1. Please find the FRET efficiency linking residue 159 to residue 130, where r is the Cβ-Cβ separation and R0 is fixed at 25 Å, and quote it to the nearest 0.05.
2. Can you figure out the FRET efficiency of residue 118 with residue 152, using R₀ = 30 Å and their beta-carbon distance, to the nearest 0.05?
3. Once you put a point 7 Å from the Cα of residue 22 and another 7 Å from the Cα of residue 181, both along the Cβ direction, what distance in nm separates them?
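No lab work stands behind these numbers, since they all come straight from the coordinates. Everything quoted here is computed from the prediction, not taken from an experiment. When we count neighbours, we look across all protein chains shown, and the Cβ atoms used for this are built from the backbone with ideal geometry, even at glycine.
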């Protein structure tokens with residue numbers, strides 16, 4: 001039996017499925033998505049956040065690894081052990097990584113790495129999008145991003161749902177220590193204040 005398709009998309013990861021979803025809204029458009037992995041949408045290792053590590057090293061993971069580091073690795077975090085600001089232009093040497101190989105989980109299943117991340121919803125950083133523009137991709141700057149992002153997800157908070165997208169996210173309303181730590185961490189200027197406080201303690 002022969003099949004004909006109007007559009008063929010190679011890769012059923014996050015971007016591939018988004019590209020497939022839009023034209024497939026037209027019932028007269030036939031879209032084919034080719035994915036190397038399986039559909040594990042009903043697998044609890046995908047749907048239960050705490051079980052996602054069990055997918056690592058399986059056929060649902062491309063099992064990529066870094067090359068062994070011959071020299072000490074540099075972490076560009078700007079923070080040294082114990083929270084002290086780095087004095088080497090934001091770099092610090094991490095001897096633990098020396099000569100080690102690090103696994104990089106990458107999804108080899110329908111949904112790609114979005115199905116391999118404990119159901120977290122992560123929005124790209126402004127710096128990353130603006131970097132795309134600097135590399136010669138006009139139109140991807142941060143200022144044009146939020147209106148399109150808002151079409152992709154719905155977030156439900158204590159005050160009700162916001163946006164009207166297909167991806168359903170929520171913010172816990174529980175008032176415990178852990179959510180408060182997240183709110184404090186994400187508050188504007190938190191990192192600057194933390195570094196200043198740590199610097200003051202070391203003087």
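1. Values: r = 31 Å, r/R0 = 1.23.
Given R0 = 25 Å and the Cβ-Cβ separation, E is 0.20.
2. Values: r = 19 Å, r/R0 = 0.63.
It comes out at approximately 0.95.
3. Output for this residue pair reads 4.0 nm.
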